[in-house]
Amino acid sequence: MISVIIPVKDRVNSLKDAIESVLWQTYKNFEIIVVDDGSEIDIKSKIYPYLDLIRFFRLEKNRGVSAARNFGITVSKGEYIAFLDSDDIWLPRKLEMQLEFMNNNGFAVSHTNEFWYKNGNFINQGYKHKKYGGYILTKILDHCRISPSSFVAKRNVFNKTGYFDEWMKIAEDYDLWLRVALFFEIGYLDYPLIVKRYFLDNHLSSSVKNIEFYRLLSLKKFFCKYHKYMDRHLQKEVVKFINHKYKIVANGVNKMIERF
């Protein structure tokens with residue numbers, strides 16, 4: 001069984017679309033876990049017709065998407081874990097194709113390609129968002145190249161990597177993927193099986209200030225805790241990107257100072 005974890009905060013209409021996209025999957029052995037991250041509106045009453053088809057949980061206090069996803073993992077029952085952001089949708093064969101891909105190739109972790117949809121139009125992804133498969137740690141040090149909504153992993157993967165860092169309010173997915181890529185070969189199914197939708201209101205992956213600062217903190221934390229699992233070449237690559245992120249952050253601080 002695949003446990004599909006959908007975190008949500010105050011986003012009802014797109015949540016209904018996300019749930020429907022799971023219900024329309026050709027692969028049917030799944031459970032849907034919706035975790036309400038302290039919404040200010042009554043999410044449960046708004047999705048009443050779906051309550052017999054999902055497992056609904058509410059966190060009384062807004063704790064962030066990391067806490068919501070982590071809670072979903074702890075209450076899940078599936079052999080596999082999949083995430084779906086409440087503003088994204090899956091194509092009907094997403095789970096079927098991805099699970100077959102993983103089983104045929106022996107992957108414990110995988111992600112897929114995606115469509116991007118913004119302001120009523122499908123848009124192209126830039127080269128910097130190119131996605132990879134294999135042992136890809138050195139290829140994802142610059143920024144996040146794995147969309148949470150495309151990610152599927154065996155449950156025991158998290159025993160090795162740990163969960164999302166709940167202290168990190170942004171770049172939390174980047175932070176976890178570093179650990180996943182250190183310990184696992186990641187399968188990449190180069191087929192667009194999700195639609196990543198960008199809305200003006202409260203998108204989990206919307207552009208935020210200081211994201212490079214959080215990536216820098218994540219890299220430093222990652223290196224300090226896990227450098228003993230890296231060979232010398234990998235250690236040098238991580239340190240190189242720590243220095244690179246530091247220069248980006250320092251440059252941003254200097255520009256801010258110049259404005260005063």
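The values are calculated or read from the model by the stated rules, or taken from the named source; none is laboratory data. This structure is a prediction, so every number in the text was calculated from the model and none was measured. All Cβ positions, even for glycine, are placed from backbone atoms using ideal geometry, and neighbour counts span all protein chains on display. What goes into the accessible areas is simple: the full protein's heavy atoms, side chains included, and nothing from ligands, DNA or RNA. Shrake-Rupley method; radii C 1.70, N 1.55, O 1.52, S 1.80 Å.
Quick notes
- Per-region count, segment 166-186, residues buried (at least 21 other Cβ atoms within 10 Å of the Cβ) and modelled with pLDDT of 95 or more: 11
- Residues of segment 102-118 that are part of a helix (DSSP H, G or I) and either within 20 Å of residue 130 (Cα to Cα) or without any contact (Cβ under 8 Å) to a residue 40 or more places away in the chain (or both): 103, 104.
- Whichever residue in segment 71-92 is in a loop (DSSP other than H, G, I, E, B) and of a type in the set (A, V, I, L, M) and, among such residues, is farthest from residue 158 (Cα to Cα): 91
- First in segment 153-166 and under 18 Å from residue 2 (Cβ atoms), second anywhere and open to solvent by 70 Å² or more (accessible area, probe 1.4 Å), Cβ under 8 Å, 6 or more apart: 154/79; 155/79
- Pairs with Cβ under 8 Å, 6+ apart, first in segment 35-64 and farther than 19 Å from residue 17 by Cβ and open to solvent by less than 20 Å² (accessible area, probe 1.4 Å), second in a helix (DSSP H, G or I) and of a type in the set (Asp, Glu): 64/172
- Every residue from segment 147-176 that is under 21 Å from residue 64 (Cα atoms) and assigned to a helix (DSSP H, G or I): 148, 149, 150, 158, 161, 172, 173, 174, 175, 176
- In the condition set (1) among the polar types (S, T, N, Q); (2) surrounded by 16 or more Cβ atoms within 10 Å (Cβ to Cβ); (3) modelled with pLDDT of 95 or more, residue 14 is compliant with all but (3).
- If you go through segment 248-260 and pick out every residue that is loosely packed, with under 12 Cβ neighbours inside 10 Å and in a helix (DSSP H, G or I), you end up with 8.
- Filter result (in a helix (DSSP H, G or I), open to solvent by 60 Å² or more (accessible area, probe 1.4 Å) and not charged (D, E, K, R)) within segment 123-146: 127
- Restricting segment 17-34 to residues that are farther than 18 Å from residue 72 by Cα and charged (D, E, K, R), the residue that is most open to solvent (accessible area, probe 1.4 Å): 28
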